[in-house]
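Undergrad: What follows is a single structure, and I will ask about it in a moment.
Since every read-out is calculated from the coordinates, none of them should be taken as a lab result. Since the model is a prediction, treat every value here as computed from it, not as a measurement. Here the Cβ positions follow ideal geometry from the backbone for every residue, glycine too, while neighbour counts run over all protein chains shown.
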Protein chains: 2
Amino acid sequence: MNLIDGKKISLELQETIAAEVKKLKADGFKTPHLAAILVGSDGGSETYVASKIAACERVGFNSTLIRHPEYVTKEKLLQSIHELNNNPDVDGFIVQLPLPRHINEHKVIESILPTKDVDGFHPMNIGRMVLNLPCYVSATPYGIVHLLDKYKVETAGKHCVVIGRSHIVGSPLSILLAKNTPLGNCTVTLCHSKTVDLKSHTLKADILICALGSPDFVTADMVKDGVVIIDVGTTRVESTETKSGYKLKGDVKFDEVAPKCSLITPVPGGVGPMTIASLLRNTLLAAKKEMY
Amino acid sequence: MNLIDGKKISLELQETIAAEVKKLKADGFKTPHLAAILVGSDGGSETYVASKIAACERVGFNSTLIRHPEYVTKEKLLQSIHELNNNPDVDGFIVQLPLPRHINEHKVIESILPTKDVDGFHPMNIGRMVLNLPCYVSATPYGIVHLLDKYKVETAGKHCVVIGRSHIVGSPLSILLAKNTPLGNCTVTLCHSKTVDLKSHTLKADILICALGSPDFVTADMVKDGVVIIDVGTTRVESTETKSGYKLKGDVKFDEVAPKCSLITPVPGGVGPMTIASLLRNTLLAAKKEMY
């Protein structure tokens, strides 16, 4: 069994991006610029946005954080998005989710220019992904495909089973891996809460993607020897082992499953670290206008 | 074994649409209006467009056919689309595919307003489909889901195997059937040209969608007893049995496979007749502004 080191691959990707930014600047091009809109002051969202801003600094991007109070009106938020859409210095921007309940997330996302939607959540980017056209792929699916690529996991003709059909992981990933592309060409089975006899499917998987958010759900009897497992689950569970009083748990019962795997991502340190690197990559692509 | 009668279901759907149009008109609403752009004079395209126009008349829609010569410039074609986008009397329109080689189909499709894209080919509509948001679903995938519904085929928890990942059938259908909706909730496996040991997958299918375009490809040894089969294939093969000198063949070796099926679509007369009814339905939804 070998571990997939997401932290290492993420840092390597960030170093590649930093080197390219340095070259762009030396060649007289503008500095890539990512903006983030943060509504309210949820602890999780504050942390995520802060780490995105810090990552921008690390790779040499400019960044802007725009804050709105929890009670911001939809109109005011849309105005803010409109300004970023029309600001030629901003190459891409994100609206940190979740938004307060009084605001329709889909309306907000659709108001972002697809050309600046570096989160890849706009229907236009998702549709282009389905059609194999240039687009921003969202962070977690891209991060997973990148990990498989870096660890030279053959995907063509392999049977990939995805558990979980969320809009941000399972569903787009099942589409990406089935496509006729060098990092795709898997036979993909998408399983979910309505799947009957899940184990009969997971036992067939050459590559198993666990993205259901249920700690220790996947057990050793559910997988075959030599499987490659990507564990996307990151559930906070209480723990007496850590100072914070909690730890992150994946969807896979790691201790008993890992020995059967040829490759597996740990939690934390697997898929998680890839998401920020993926966002930076999309922003660089936006600055270079490579997608639209 | 029972046949799925696509012709009958299509006529029923068209009658429902006609009744609703009659009511809309009686209530003083405008008449739904579908426009079609036809470039060149390919025999197949001429036939398809003519049957769409005829179907409009049957259900009481207005229709407009706009013709361009084979050598039309991209600019001229886009101008034509721009005019339909801005014509408030036109509820929806289609650009008949394929287009001549000198014109980029994707650029043309993306220039159609998503709100008028009743073919459901625009990335915005495909992305919205993935996200379970209101959208125009393209004709063949919608037609198939409608057939399964009308024949009361239970989909929730069933294993559906789709052979073929085309942008207009296999790929969108695999997405639709896996979604958390009353007509979805299948466990879906998407197979294609790179799939290894296809038979091991098809033998597991409760519902088998054949959309690869290879006559007689699916044989009796590839399916289990009681399977529901939707045959999307329509390949013209030479024939001495017909006056025209050819006949349409499905992807399924019907004579030997049909006895094992609980339900199966014939070719012709299965999926084919559904496509025009689906297009009319999207146009009615556009006229009623139910999607955007």
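Undergrad: How would A:Glu256, B:Glu20 line up from fewest to most surrounding beta-carbon atoms within 10 angstrom?
TA: Arranged by neighbour count, lowest to highest, A:Glu256, B:Glu20 become A:Glu256, B:Glu20.
Undergrad: Ok, one more. How high is the relative contact order of chain B? Use alpha-carbon pairs under 8 Å, at least six apart in sequence, and give a whole percent.
TA: Dividing the mean separation by the residue count of chain B yields 21 percent.
Undergrad: On to the next question. Which residue fluctuates most in the GNM of chain B (Cα springs below 10 Å): B:Ile66, B:Ile229, B:Ile81?
TA: B:Ile66
Undergrad: Here's another thing I want to ask about it. Per DSSP helix of 4 or more residues, -39500 (n - 2.57); summed, then divided by the residues of chain B. What does that give at 222 nm, rounded to the nearest 500?
TA: Helix-only estimate at 222 nm: -11500 deg cm²/dmol.
Undergrad: Where does helix B:274-287 land angle-wise versus the long Cα axis of chain B, in degrees 0 to 90, nearest 10?
TA: 40 degrees
Undergrad: Moving to a separate point now. I'd like the Karplus ³J(HN,Hα) series for region B:182-193: coefficients 6.51, -1.76, 1.60, θ = phi - 60°, whole numbers in Hz, and an x wherever there's a Gly or Pro.
TA: x, 9, x, 6, 6, 7, 10, 10, 9, 10, 7, 4
Undergrad: Along region A:47-63, what does the Karplus equation 6.51 cos²θ - 1.76 cosθ + 1.60 (θ = phi - 60°) give for ³J(HN,Hα), rounded to whole Hz, x for Gly and Pro?
TA: 5, 4, 5, 4, 6, 5, 5, 4, 5, 4, 4, 4, 8, x, 7, 7, 9
Undergrad: Also, quick follow-up: Once you sort the root eigenvalues of the Cα gyration tensor of region B:28-113 as a ≥ b ≥ c, which label holds: rounded (a/c under 1.5), prolate (a/b larger than b/c) or oblate (the other case)?
TA: Cα axes put region B:28-113 in the oblate bin.
Undergrad: Between helix B:139-150 and chain B, what is the angle of the helix's C-alpha long axis to the longest principal axis, kept within 0 to 90° and rounded to the nearest 10?
TA: 60 degrees
Undergrad: Label position 7 Å from Cα toward Cβ: report the copy-to-copy distances for A:Lys247 in nm, one decimal, ordered from shortest.
TA: 6.8
Undergrad: Which far-off residues, 5 or more places away or on another chain, put their amide H under 5 Å from the one on A:Asn87, with H placed in the peptide plane?
TA: Here the answer is none, since no amide H 5 or more places off falls under 5 Å of that of A:Asn87.
Undergrad: Quick one: grab the alpha carbon gyration tensor of the protein assembly as shown, order the square roots of its eigenvalues as a ≥ b ≥ c, and give me rounded if a/c is under 1.5, else prolate or oblate depending on whether a/b is larger than b/c.
TA: Oblate.
Undergrad: Set the Förster distance to 41 Å, then compute FRET efficiency between A:Asn104 and A:Lys224 from the Cβ-Cβ distance, nearest 0.05.
TA: Computed FRET efficiency for A:Asn104 and A:Lys224 comes out at 0.40.
Undergrad: Using the structure shown, list the pairs from B:Lys158/B:Lys253; A:Lys158/A:Lys253; A:Lys152/B:Lys107; A:Lys179/A:Lys224 with a Cα-Cα distance above 32 Å, or answer none.
TA: A:Lys152/B:Lys107
Undergrad: Using a 10 Å cut-off on Cβ to Cβ distances, tally the other chain neighbours for every residue of B:165-178 and report the average as a whole number.
TA: Whole-number average of other-chain Cβ neighbours for B:165-178 is 3.
Undergrad: Can you pull out the cysteines in chain B that have no other Cys Cβ under 4.7 Å?
TA: B:Cys56, B:Cys135, B:Cys191, B:Cys210, B:Cys261
Undergrad: Let me ask another. Every other copy gets compared here: list the nm distances from the A:Glu105 label point (7 Å along Cα to Cβ) to its counterparts, shortest first, one decimal.
TA: Listed shortest first, these distances are 3.4 nm.
Undergrad: Relative contact order for region A:29-121: what percent, with Cα pairs under 8 Å and sequence separation of 6 or more?
TA: The value is 36 percent.
Undergrad: For a quick check: with amide H placed at 1.01 Å from N, whose amide H comes under 5 Å from A:Gly40's, ignoring anything fewer than 5 positions away on the same chain?
TA: Here the answer is A:His68, A:Glu70, since their amide H atoms fall under 5 Å of that of A:Gly40.
Undergrad: What angle, in degrees between 0 and 90 and rounded to the nearest 10, separates the Cα long axis of helix A:6-26 from the longest principal axis of the Cα atoms of chain A?
TA: Relative to chain A, helix A:6-26 is tipped by roughly 30 degrees.
Undergrad: Each residue of region B:162-170 in order: what ³J(HN,Hα) in whole Hz does its phi give by Karplus 6.51 cos²θ - 1.76 cosθ + 1.60, θ = phi - 60°, with x for Gly and Pro?
TA: Each residue's phi maps through the Karplus curve to give 10, 9, x, 10, 5, 5, 9, 10, x Hz.
Undergrad: Now a separate question. Which FRET efficiency value, to the nearest 0.05, is calculated for B:Ser200 and A:Ser166 with the Förster distance at 25 angstrom and r the Cβ-Cβ distance?
TA: The pair B:Ser200/A:Ser166 has a calculated efficiency of 0.35.
Undergrad: Out of residues 5 or more away from A:Val252 or on other chains, whose amide H comes under 5 Å of its own, with H placed 1.01 Å from N in the peptide plane?
TA: Answer set, sorted by chain and number: A:Asp216, A:Phe217, A:Val218.
Undergrad: Something else now. Indicate the gyration tensor shape class of region A:33-80 (rounded, prolate or oblate), computed on the Cα atoms with a ≥ b ≥ c the square roots of the eigenvalues: a/c under 1.5 is rounded; otherwise a/b larger than b/c is prolate and the rest oblate.
TA: oblate
Undergrad: Every other copy gets compared here: list the nm distances from the A:Leu203 label point (7 Å along Cα to Cβ) to its counterparts, shortest first, one decimal.
TA: Nearest to farthest, the other copies are at 1.4 nm.
Undergrad: Which of B:Arg58, B:Arg281, B:Arg165 moves the most in a Gaussian network model of chain B with Cα springs under 10 Å?
TA: Checking each option, the largest mean-square fluctuation is seen for B:Arg58.
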